[in-house]
Every structure is written in structure tokens, then in C-alpha cells.
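Novice: One structure is given below, represented as C-alpha cells, and several questions about it will come after.
The values are calculated or read from the model by the stated rules, or taken from the named source; none is laboratory data. Just so it is clear, the model here is predicted, and its values are computed rather than measured. When we count neighbours, we look across all protein chains shown, and the Cβ atoms used for this are built from the backbone with ideal geometry, even at glycine.
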Amino acid sequence: MFSFGKKPQQDGVRLDPDRIPAHVAIIMDGNGRWAQQKHRPRVFGHREGMETVKRVTKYASQLGIKVLTLYAFSTENWKRPTGEVNYLMQLPVDFFDTFVPDLVKQNVRVQVMGYTQQLPEKTQKAVQDAIKATEKNDGMILNFALNYGSRAEIVSAVKKIALQVQAGQLSVDAIDERSVAQALMTAPLAQYSDPDLLIRTSGEERLSNFLLWQLAYSELVFTDALWPDFGAAELRAAIYAYQQRDRRFGGLKK
Ligand code: FPP
């Protein structure tokens, strides 16, 4: 795996426009530490993290990325203090309140994956309104993982398939990778279901229950930058690292 520091040497690198990853997924980590470094409450970091989402969305769309999936809240994040959870539930409301007109201008379409029925009403409404307001856009998909967990997603997919078998719509022999992928929350992304590139910020190098099936052949890039400090240079550096990789998907070098 390739890692680079907060001040990447590849700043200002030349990217190959023909090899921009179609689907980029990001584990946005380090908001709390960023705030603590500034002697501010953790939620101050989340607020700044929201601003980073705006910048990165714009830049990713300009680069020609087709799908940007952002891990905004996991099924395990409910374990955090109530005040922080409440703040995180308000963020999508504030984000879409202020940013939907820009998303429309940028031709970005909002999608959400996760157990959204368990989110507070106001969060669900903000998300549904943003999906509706951007549904005609045919540019980049901004796909938020909200109350998402990969193991729960896989359990739900297994149940869905079991029900299809029980109903006689599918035979056990016909279950294959395609039918499993179809039952996952990324199915609406069609040919872009699997990320080409996964980025995790803040120096942590783990997947934290994110897209475990879909990341089977993704390139992983870890950066020390805390999410509020992540920007165009860091995104370019991650894509540059991706472009140096030789993706073999289990086969041999071309
Ligand atoms: C992890 O950092 C971050 C989160 C759990 C929340 C991520 C949310 C945002 C970046 C804002 C999302 C914006 C929208 C529009 C929904 P952490 O708090 O675990 O950081 P730490 O590891 O330093 O404590």
C-alpha cells in the first residue's frame, strides 16, 4: 500500500485524464482530532468537515469522477455521545439547505445508501428533498453513506436472496456474484458499484465496516491529512498514487 504525508510531494502532479478513477469512496476521518488540536469541541471539526465535503465534491466533479461515495455516518456511530450524534444528524440538513443550488449548478446528483429509515425525520426529509432536487442531473453522483454498515448490508442482502429463494423466484444454484451485488445497497450505481479508489484520511489504515464486498479489488490510499485539511492537492495526490498502480484483478501484468 502507498501512503503519503500531509504535505504530499505530488502536489501539482500531472494526472492522466484518461485514467481518472470512475468511483472514488472516502472514509472521512479525523474531524475530532482536528478540532482537539485547535482546543475546540469535536463538533467544530464536523462542521469544518462539512465544508470540506463541499470543496471536494466540486473538485471531484470537475475532475470527471463519476461517483463520489462519502462515509458520513456508520451503523456503529450511534455509540458516540448523544450531543455529537445529534450534531451529525443535523449536518446533512445544514449541508443540503446551503448547498443544493450549487449541486444543481454543478450537475451533481445526490444519492444515499444506508438504513435511512432509522434517521431522524428532519434528516430523512433533507436527504429526500436533495435527491428530488438533483434527480435530473446527469453528472457526478454524490453518494452519501448514512447509517451505513457493510456487515449489516451483507446480512440484509442474504435475507433478500433467501426470500427470493423461498418465493421460488431464484434457485440456490442461480445465486452468483451478480445476484449478491444486485442485493447490495450499491446496486443502483450499476457499472460503478465497486469503488476504483478508496481514500481514508487521518493516518488510520482500516476499513471500519465500509463497502467490504465492493472494495475487493479497489486501490487503497491512506493519507495523514485530517479530513478538514483535505483538499484539491490531497485528492490529486491520491489519484496520482492510484494512477501509478498496476491493477491486475487477480490476473497477470498486461
Ligand atoms: C470521523 O471523524 C468522521 C465522522 C464520523 C463524521 C463524518 C462527517 C462529516 C465529515 C461531515 C459530513 C457532512 C455531511 C454533509 C453529511 P472522527 O470524528 O471519528 O475523527 P477522530 O477520529 O479524529 O475523532
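Novice: Could you say whether any residue in the stretch 166-185 is in contact (Cβ under 8 Å) with a residue 40 or more places away in the chain and either more than 26 Å from H46 (Cα to Cα) or not in a loop (DSSP other than H, G, I, E, B) (or both)? Don't jump to the end; show me each part of the working.
Specialist: Applying the first criterion (in contact (Cβ under 8 Å) with a residue 40 or more places away in the chain) to the stretch 166-185 yields 185.
Within this subset, residues satisfying the condition of being either more than 26 Å from H46 (Cα to Cα) or not in a loop (DSSP other than H, G, I, E, B) (or both) are none.
Checking the stretch 166-185: not a single residue is in contact (Cβ under 8 Å) with a residue 40 or more places away in the chain and either more than 26 Å from H46 (Cα to Cα) or not in a loop (DSSP other than H, G, I, E, B) (or both).
Novice: With the condition kept exactly as written, say whether any residue in the stretch 57-66 is crowded, with 17+ Cβ neighbours inside 10 Å and of a type in the set (G, A, S).
Specialist: Within the stretch 57-66, one or more residues are crowded, with 17+ Cβ neighbours inside 10 Å and of a type in the set (G, A, S).
Novice: Quick check: anything in the stretch 92-101 farther than 19 Å from I141 by Cα and either away from the ligand (no atom under 12 Å from the Cβ) or loosely packed, with under 15 Cβ neighbours inside 10 Å (or both)?
Specialist: The answer is yes, given that some residue of the stretch 92-101 is farther than 19 Å from I141 by Cα and either away from the ligand (no atom under 12 Å from the Cβ) or loosely packed, with under 15 Cβ neighbours inside 10 Å (or both).
Novice: Regarding the stretch 78-100, can at least one residue be identified that is in a loop (DSSP other than H, G, I, E, B) and of a type outside the set (A, V, I, L, M, F, W, C)?
Specialist: Within the stretch 78-100, one or more residues are in a loop (DSSP other than H, G, I, E, B) and of a type outside the set (A, V, I, L, M, F, W, C).
Novice: How many residues are more than 7 Å from the ligand (Cβ to nearest atom), of a type in the set (K, R) and more than 15 Å from the chain's Cα centre (by Cα) if we restrict to the stretch 28-63? If you could, list the steps in order and put the result at the bottom.
Specialist: Step one: filter the stretch 28-63 for residues more than 7 Å from the ligand (Cβ to nearest atom), giving 35-41, 43-44, 47-48, 51, 54-63.
Imposing the further condition that a residue be of a type in the set (K, R) reduces the set to 38, 40, 47, 54-55, 58.
Of the ones still in play, those that are also more than 15 Å from the chain's Cα centre (by Cα) are 38, 40, 47.
Number of matching residues: 3.
Novice: If you check T69, T98, which single one turns out to be in contact with a strand residue (DSSP E or B) (Cβ under 6 Å, 6 or more places away or on another chain) and within 20 Å of Q128 (Cβ to Cβ)?
Specialist: T69
Novice: What residue, among those in the stretch 6-27 that are modelled with pLDDT of 95 or more and either charged (D, E, K, R) or within 16 Å of the ligand (Cβ to nearest atom) (or both), is farthest from R247 (Cα to Cα)?
Specialist: Only one residue tops the list, namely I27.
Novice: Pairs, please: C-beta under 8 Å, at least 6 apart or cross-chain, first residue under 21 Å from N143 (Cβ atoms) and part of a helix (DSSP H, G or I) and in the stretch 23-50, second charged (D, E, K, R) and more than 7 Å from the ligand (Cβ to nearest atom)?
Specialist: N31/E48; H46/E84; M50/D94
Novice: So which of R200, R206 is free of Cβ contacts under 8 Å to residues at least 12 places away in the same chain and within 25 Å of Y115 (Cβ to Cβ)?
Specialist: R206
Novice: Out of the residues in the stretch 64-91 meeting the condition of being among the small types (G, A, S) and within 12 Å of the ligand (Cβ to nearest atom), tell me which one is nearest to M140 (Cα to Cα).
Specialist: A72
Novice: Here is a check on your reading of the model: is G83 over 19 Å from the mean Cα position of the chain (by Cα) and touching a residue at least 40 places away in the same chain (Cβ under 8 Å)? Break it down stepwise before answering.
Specialist: Working: over 19 Å from the mean Cα position of the chain (by Cα): yes; touching a residue at least 40 places away in the same chain (Cβ under 8 Å): yes.
In short, yes.
Novice: Among the residues of the stretch 205-232, which ones are β-branched (V, I, T) and touching a Pro at 6+ places or on another chain (Cβ under 8 Å)?
Specialist: T223
Novice: Could you grab me the full set of residues in the stretch 104-118 that are under 18 Å from the mean Cα position of the chain (by Cα), more than 11 Å from the ligand (Cβ to nearest atom) and among the aliphatic types (A, V, I, L, M)?
Specialist: Of everything in the stretch 104-118, those that are under 18 Å from the mean Cα position of the chain (by Cα), more than 11 Å from the ligand (Cβ to nearest atom) and among the aliphatic types (A, V, I, L, M) turn out to be V108, M113.
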